[in-house]
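Each remark here refers to the structure printed beneath this line.
The values are calculated or read from the model by the stated rules, or taken from the named source; none is laboratory data. Computed from a prediction, not measured in an experiment: that's the story for all the values here. Note that each Cβ is placed from the backbone with ideal geometry, even for glycine, and that neighbours are counted across all protein chains shown.
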Amino acid sequence: MRRDDRLVFEKSQAGKRGYYLPNEKIPEYRLNEMFEEDTIRQEAAGLPELSEVEVVRHYTNLSKLNHSIDNGFYPLGSCTMKYNPKLNETVAAIGGLKNLHPYQPPETIQGSLELMYYLQEALKEISGMDEVSLQPAAGAHGEFTGISLIRAYHDDRGDHKRKKVIVPDSAHGTNPATAAMCGYKVVEVKSNQNGTLDVQALKEKIGDDVAAIMLTNPNTLGLFERDILEIQKVAHDNGALLYYDGANMNAIMGKIRPGDMGFDVMHFNLHKTFSTPHGMGGPGSGPVGVKKCLIPFLPKPVIKKEKGTYNIDNNIPKSIGKLRTFFGNYNVLIRAAAYIMTMGGDGLESASDYAVLNANYLRAKLEKIFKIPYGTKCMHEFVADGSTLEEYGIKTMDLAKALLDYGVHPPTVYFPLIVHEAMMIEPTETETKETLDYFVQTIGKIIERAKQDKTTIQHAPYNTPVRRLDEVKANKEIDCNFYSEKKK
Amino acid sequence: MNQRGGKKLGKRYIPHTEDEIREMLNTIGVSNMKELFVELPSEKRVDCLRLKSGMAEADLMRKMLELSERNTNLENYSVFMGGGIYKHLIPYAIQSVVERGEFLTAYTPYQAEVSQGSLQMFYEFQTMIAELTGLEVANSSMYDGGTAAAEAMLMSCNVKRKNKYLVSKALHPEYIEVMKTYAKGPGIEIEGVDYDDQTGMLDLEDLKKKVDQDTAGVMVGYPNFFGVIENISRIRAINDKLLLGVSVNPLALSILEAPGKMGADIVTGEAQPFGGSLYLGGMSLGIFASKRKYIRKMPGRIIGQTVDEDGNRGFSMILQTREQHIRRGKATSNICSNHAHNALVASMYLSLVGKTGLKKIALNCARKAHYLAEKIDRMDRYSMRFNAPFFNEFTIDSQFDPDYIQEKMQKEKIMGPLPIGKITDRKDMQNLSLVAVTEANRMEEINFFAAKLEELL
């Protein structure tokens with residue numbers, strides 16, 4: 001039976017309802033008694049009309065069309081798709097942690113403020129930074145915060161000539177996007193033949209017009225930037241600050257800390273390193289850690305502890321301001337705090353140990369199939385060059401699509417841009433050896449099939465809810481609203 | 001010396017057996033894990049993290065329950081506190097469906113073939129938001145109402161290639177602060193537009209005065225922070241070139257005319273009222289809709305309908321060339337992770353309550369609010385601060401310190417109203433409180449609250 005692919009609007013039938021308000025007698029003010037005539041809605045919004053069981057089935061059936069960590073392997077590089085403990089969902093659902101209004105007086109939310117304060121302190125210890133703000137709503141929002149802090153720092157010193165931010169060519173897309181959003185000119189520095197930042201090239205580009213260097217370490221190739229201590233010296237000698245993109249933090253917990261490596265500001269991705277669920281793309285959370293020199297500029301509010309009482313401090317004269325409303329993604333913060341408490345310091349360190357073990361194991365296995373252009377070992381992830389596949393008439397994208405038929409989510413593909421036909425593979429620590437072996441065997445099987453008949457692979461997948469989509473049509477004949485297309 | 005000494009490493013959520021570890025190390029060609037970390041400069045290594053040892057789940061749960069008991073849980077409170085986040089009734093069918101792992105533990109739908117659940121849901125969500133706002137296109141979510149308003153400002157300045165932006169002084173104060181933070185990078189000059197002292201509505205004369213050739217657009221609240229309903233058509237009539245941004249409570253749009261129908265170019269807002277739990281305002285959901293002609297300048301993810309190789313209906317991300325992972329330094333915004341899962345909650349909420357249900361809920365809120373407002377306005381020492389129409393929230397002026405009201409109310413298991421002076425530093429607002437009413441407030445609670453307010457006399 002073909003699945004029912006009707007939209008919720010197409011299942012709608014006038015007169016159906018899936019929810020009922022309590023029965024009570026309320027004063028019957030008419031709309032025109034309450035509102036100006038011309039502000040009263042004329043035509044009802046086209047929301048669906050369904051019974052409760054139909055709504056539940058609609059969304060349950062939609063869920064079945066998704067691949068997720070709970071379904072199977074998800075080795076998406078730089079995304080750290082580790083197991084998201086169910087325990088943390090139960091914790092976040094505790095009524096006394098959930099049913100709290102953001103403007104409740106601080107004395108009525110002491111438990112939550114303590115929880116957030118705990119998380120701030122734990123992140124400081126993990127990162128070696130001097131202070132942490134939990135405000136940013138996502139990694140990119142954390143980057144925006146960090147670069148805004150850097151600008152405030154330079155401005156405060158009266159140093160207005162710094163107009164550039166340096167990023168390596170292997171950086172995440174959010175890095176240059178953030179720098180541009182903060183009004184900086186983005187300058188790219190090439191990687192060297194080892195896949196790490198070319199310090200010589202950096203020295204040529206650095207100067208008193210550079211506000212910051214944004215790095216992730218290990219970098220997106222999964223390699224540790226060995227020259228980090230020299231890089232930090234080059235940055236600081238020239239008055240620039242060093243930004244740490246925490247996307248790849250899962251490799252180094254309990255091993256080395258960004259603060260100790262000389263980074264001045266960083267963001268954490270709680271939805272990566274600290275196991276909070278990605279939820280189809282969010283909400284995440286991107287707390288920012290800073291060194292002392294940036295503390296005066298932190299976003300509002302800051303949670304403080306004074307004589308055993310937790311306070312919300314909005315009086316920060318040099319603050320960069322507010323980044324979003326209220327306290328950040330507090331529902332995500334609860335889960336991350338629960339994770340850190342469950343793991344403990346030694347548990348976090350072993351998470352990094354096994355993340356690196358799993359990545360190196362896969363690397364060693366896949367090295368027999370693909371060229372892995374950089375390094376001989378890796379940290380938590382590595383990047384394979386898929387051009388070997390061209391021998392069999394297929395590309396990285398074909399392999400990625402074929403993997404879907406085997407219940408495996410493909411790696412991040414065609415990123416970083418500096419590797420041809422790139423496949424960026426991050427298995428994470430929570431995967432079993434059995435899963436890793438299955439992944440390697442499956443790739444082998446797909447290549448064998450390609451050798452027999454490349455067209456079957458070029459048109460994969462076959463067993464997924466839909467097959468390859470016509471993206472040209474999607475972008476040319478834009479249809480992103482059910483009704484406006486019907487009205488046309 | 002490693003402070004861990006001989007202590008065994010914690011292994012929570014790590015599935016490896018000792019045999020497997022040995023075999024894996026062998027395959028890699030190292031004799032122990034330490035060899036995998038030799039690239040790290042030894043002089044900067046840490047021995048261990050000074051964090052407590054891991055907790056068993058029973059202990060963790062006990063600890064978290066202890067913390068929760070030090071909070072005032074509003075579940076059994078009458079809540080008259082709003083200011084952007086409201087306690088509404090949440091249909092129970094939502095929770096068990098949205099916490100399915102297939103929704104919760106999926107990533108951004110980069111591989112469309114195995115993400116059709118997310119993608120179709122986003123497409124439906126976009127349609128619902130477009131319908132409510134009266135605009136043609138909506139994205140699949142932003143972080144919250146504040147950042148959505150800030151992104152609307154960036155987009156307006158980008159579309160118009162101008163760098164001055166006007167903001168109603170009656171917009172949510174936190175939204176204005178967020179906009180100011182976002183304005184610094186591109187060097188946008190933000191100017192406030194006054195509101196009328198009697199009505200609380202935007203001062204149209206002041207708007208006229210403040211528009212000049214550098215002005216890209218203006219942002220107003222609908223309802224605004226004081227609960228007052230702006231007349232969007234009249235604002236539009238002042239100037240037809242400005243990009244008119246309207247920041248909404250989307251629940252109100254089931255009974256109030258859609259801003260898009262009254263000339264708004266961009267509509268943003270906070271959709272927590274659509275099934276979102278309070279969570280200190282953390283379960284926020286920014287919405288963002290715009291006229292079709294600006295779609296290429298919009299921030300965030302947009303999902304489109306297409307067909308697959310077999311000609312079957314399917315959905316995928318579109319216009320990705322606007323986004324950071326493709327466009328890098330030239331992207332329309334740096335947003336990547338958004339509030340996708342909260343958009344699922346809102347979609348399911350809107351599907352359950354449906355076309356007529358949403359209107360009933362909004363009407364319930366508005367009627368109860370008007371009933372309470374009339375009651376309060378009749379009391380000697382309270383008065384309505386503004387005389388323009390409102391939706392479910394209104395501002396009262398009291399002869400008491402609003403903190404005193406709040407404190408007394410807490411003793412009666414009532415949270416609110418919100419002392420406005422707390423979130424603005426304006427001296428003339430120190431006696432103002434914002435009263436929010438929703439369908440979660442039963443009539444007897446409303447009467448009880450009114451009686452207690454009167455008792456304060």
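In segment A:328-337 there is no residue that is facing chain B (nearest Cβ under 8 Å), over 30 Å from residue B:176 (Cα atoms) and touching a helix residue (DSSP H, G or I) at 6+ places or on another chain (Cβ under 8 Å). Tell me yes or no: at least one residue of segment B:399-410 is in contact with a helix residue (DSSP H, G or I) (Cβ under 7 Å, 6 or more places away or on another chain) and either of a type in the set (S, T, N, Q) or over 26 Å from residue B:423 (Cα atoms) (or both). Scanning segment B:399-410 turns up no residue that is in contact with a helix residue (DSSP H, G or I) (Cβ under 7 Å, 6 or more places away or on another chain) and either of a type in the set (S, T, N, Q) or over 26 Å from residue B:423 (Cα atoms) (or both). Close contacts from segment B:40-57, counting a first residue that is more than 7 Å from chain A (Cβ to nearest Cβ) and a second that is at pLDDT below 95 and not in a helix (DSSP H, G or I), with Cβ to Cβ under 7 Å and a gap of 6+ residues or different chains, come to B:47/B:2; B:47/B:3. From the list B:166, B:132, the one residue that fits, being outside the structural domain of residue B:424 (by TED's automatic domain parsing) and part of a helix (DSSP H, G or I), is B:132. Between B:412, B:439, the distinction of being at pLDDT 95 or above and surrounded by fewer than 16 Cβ atoms within 10 Å (Cβ to Cβ) belongs to B:412 only.
Of everything listed in (1) buried (at least 22 other Cβ atoms within 10 Å of the Cβ); (2) outside any helix (DSSP H, G or I); (3) away from every other protein chain (no Cβ under 11 Å), the single unmet condition for residue A:429 is (3). Which of the residues belonging to segment B:288-324 are assigned to a loop (DSSP other than H, G, I, E, B) and under 22 Å from residue B:156 (Cα atoms)? Residues satisfying the conditions are B:291, B:298, B:299, B:300, B:301, B:319, B:323.
When you scan segment B:330-343, do you find a residue that is at the interface with chain A (Cβ under 8 Å from one of its Cβ atoms) and over 24 Å from residue A:279 (Cβ atoms), even just one? Within segment B:330-343 (the criterion being at the interface with chain A (Cβ under 8 Å from one of its Cβ atoms) and over 24 Å from residue A:279 (Cβ atoms)), the answer is yes, since at least one residue qualifies. The set of residues in segment B:200-218 being assigned to a strand (DSSP E or B) and not hydroxyl-bearing (Ser, Thr, Tyr) consists of B:202, B:216, B:217, B:218. Among the strands (runs of 3 or more DSSP E) confined to segment A:146-241, the ones with at least 1 residues that are in contact (Cβ under 8 Å) with a residue 60 or more places away in the chain and not acidic (Asp, Glu) are located at A:164-168, A:210-215.
Filtering segment A:452-470 down to residues that are at the interface with chain B (Cβ under 7 Å from one of its Cβ atoms) and crowded, with 16+ Cβ neighbours inside 10 Å, which residue is farthest from residue A:46 (Cα to Cα)? Restricting to residues being at the interface with chain B (Cβ under 7 Å from one of its Cβ atoms) and crowded, with 16+ Cβ neighbours inside 10 Å, the top hit is A:461. Scanning segment A:29-50 for residues that are within 7 Å of another protein chain (Cβ to nearest Cβ) and assigned to a loop (DSSP other than H, G, I, E, B) gives A:29, A:35, A:36, A:41, A:42, A:44, A:45, A:46, A:47, A:48, A:49, A:50. Within segment B:18-30, residues that are at pLDDT 95 or above sit with their Cβ atoms under 7 Å from residues that are among the polar types (S, T, N, Q) and assigned to a loop (DSSP other than H, G, I, E, B), at 6+ positions apart or across chains, in these pairs: B:25/B:31; B:25/B:32. Can we say residue B:65 is more than 7 Å from every other protein chain (Cβ to nearest Cβ), surrounded by fewer than 17 Cβ atoms within 10 Å (Cβ to Cβ) and farther than 30 Å from residue B:305 by Cβ? No; evaluated as a whole, the condition is false for this residue.
Residues in segment B:276-298 that are more than 7 Å from every other protein chain (Cβ to nearest Cβ), more than 15 Å from residue B:122 (Cβ to Cβ) and crowded, with 23+ Cβ neighbours inside 10 Å: B:276, B:290. Before we move on, is residue A:417 of a type outside the set (Phe, Trp, Tyr), touching a residue at least 24 places away in the same chain (Cβ under 8 Å), within 11 Å of chain B (Cβ to nearest Cβ) and surrounded by fewer than 18 Cβ atoms within 10 Å (Cβ to Cβ)? Against the criterion (of a type outside the set (Phe, Trp, Tyr), touching a residue at least 24 places away in the same chain (Cβ under 8 Å), within 11 Å of chain B (Cβ to nearest Cβ) and surrounded by fewer than 18 Cβ atoms within 10 Å (Cβ to Cβ)), residue A:417 qualifies. When each of A:6, A:41, A:57 is tested for being in contact with a helix residue (DSSP H, G or I) (Cβ under 8 Å, 6 or more places away or on another chain) and modelled with pLDDT of 95 or more, the lone residue that passes is A:41. In this structure, residue A:464 does satisfy being assigned to a loop (DSSP other than H, G, I, E, B) and assigned by TED's automatic domain parsing to the domain that holds residue A:358. Touching a residue at least 40 places away in the same chain (Cβ under 8 Å) and within 24 Å of residue A:127 (Cβ to Cβ): does that describe residue A:250? When the stated conditions are applied, residue A:250 passes them. Would you please name the residue that is nearest to residue B:168 (Cα to Cα), looking only at residues in segment B:232-275 that are among the polar types (S, T, N, Q) and buried (at least 23 other Cβ atoms within 10 Å of the Cβ)? So the residue we want is B:247.
Table: residues versus (1) polar (S, T, N, Q); (2) touching a Leu at 6+ places or on another chain (Cβ under 8 Å); (3) under 30 Å from residue B:317 (Cβ atoms); (4) not assigned by TED's automatic domain parsing to the domain that holds residue B:323.
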| position | (1), (2), (3), (4) |
| --- | --- |
| B:44 | no, yes, no, yes |
| B:47 | no, no, no, yes |
| B:59 | no, no, no, yes |
| B:67 | no, yes, no, yes |
| B:79 | no, no, no, yes |
| B:84 | no, no, yes, yes |
| B:107 | no, yes, yes, no |
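Here's the yes/no breakdown for (1) touching a Phe, Trp or Tyr at 6+ places or on another chain (Cβ under 7 Å); (2) more than 9 Å from chain A (Cβ to nearest Cβ); (3) farther than 21 Å from residue B:92 by Cβ; (4) of a type in the set (A, V, I, L, M, F, W, C):
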site	(1), (2), (3), (4)
B:328	no, no, yes, no
B:360	no, no, no, no
B:373	yes, yes, yes, yes
B:394	no, yes, yes, yes
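On the stretch given as segment B:68-86, residues that are more than 7 Å from chain A (Cβ to nearest Cβ) and in a loop (DSSP other than H, G, I, E, B) total 4. Of everything in segment B:402-426 that is under 25 Å from residue B:176 (Cβ atoms) and assigned to a loop (DSSP other than H, G, I, E, B), the residue that is farthest from the chain's Cα centre (by Cα) is B:426. Of the residues making up segment A:227-249, at least one is within 13 Å of chain B (Cβ to nearest Cβ), more than 21 Å from residue A:190 (Cα to Cα) and modelled with pLDDT of 95 or more. Of all residues in segment A:59-104, those satisfying the criterion of being closer than 30 Å to residue A:9 by Cα and at the interface with chain B (Cβ under 7 Å from one of its Cβ atoms) are A:59, A:60, A:62, A:63, A:64, A:65, A:66, A:67, A:68, A:69, A:70, A:71.
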